[in-house]
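Below: one structure, written as structure tokens.
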């Protein structure tokens, strides 16, 4: 099977540098344009299903991509971004100025420490990768698209490449791009990462 990984389109909150893991917001005009470019690309390819985080920015992106196909976007909460807890809806400049020590500690000990009121990294990694394995199990020999967020896509690429949780910061998924992975019982082959359309 082939898996295409796509990050949701740009949001206004991306531009403002806001921590907004589970907070729902839509893609902006640029994000809508990115989704349409991805739609034009995927219109030329065969795929059998499309999955997305159940948050609006991901589902809206997925709906645009698949609007010419007779298929429903499968919404899955397991593909949500990390929950930032007390830091949800806070700008990064505010967090740096008011919680700089906590942020620094989390950046250094991100696998073992948890943001105030937030989701532990290991729990996040587990829910994302378990969701990925479920999708793989249900779609053997098919081609599918997963539309998610930067964090979950990094987690999925960590799992698929064998880098594991330690490799989390090696990956960054650009908006308007895609990654593709071939998965079989014998091996996993990373075809492309952050490929523009």
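In this structure, is residue 64 in a helix (DSSP H, G or I), in contact with a helix residue (DSSP H, G or I) (Cβ under 9 Å, 6 or more places away or on another chain) and touching a residue at least 12 places away in the same chain (Cβ under 8 Å)?
Spelling it out, residue 64 is indeed in a helix (DSSP H, G or I), in contact with a helix residue (DSSP H, G or I) (Cβ under 9 Å, 6 or more places away or on another chain) and touching a residue at least 12 places away in the same chain (Cβ under 8 Å).
Consider residue 31 carefully, then state whether it is touching a residue at least 40 places away in the same chain (Cβ under 8 Å), part of a helix (DSSP H, G or I) and within 18 Å of the chain's Cα centre (by Cα).
Considered against the rule, which asks whether it is touching a residue at least 40 places away in the same chain (Cβ under 8 Å), part of a helix (DSSP H, G or I) and within 18 Å of the chain's Cα centre (by Cα), residue 31 comes out as yes.
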* Asked: What number of residues within the stretch 138-156 satisfy the criterion of being within 13 Å of residue 81 (Cα to Cα) and modelled with pLDDT under 95?
  -> 0
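The values are calculated or read from the model by the stated rules, or taken from the named source; none is laboratory data. These figures come from a predicted structure and were not determined experimentally. Quick reminder, even Gly has a Cβ in these numbers, built from the backbone with ideal geometry, and neighbours come from all protein chains shown.
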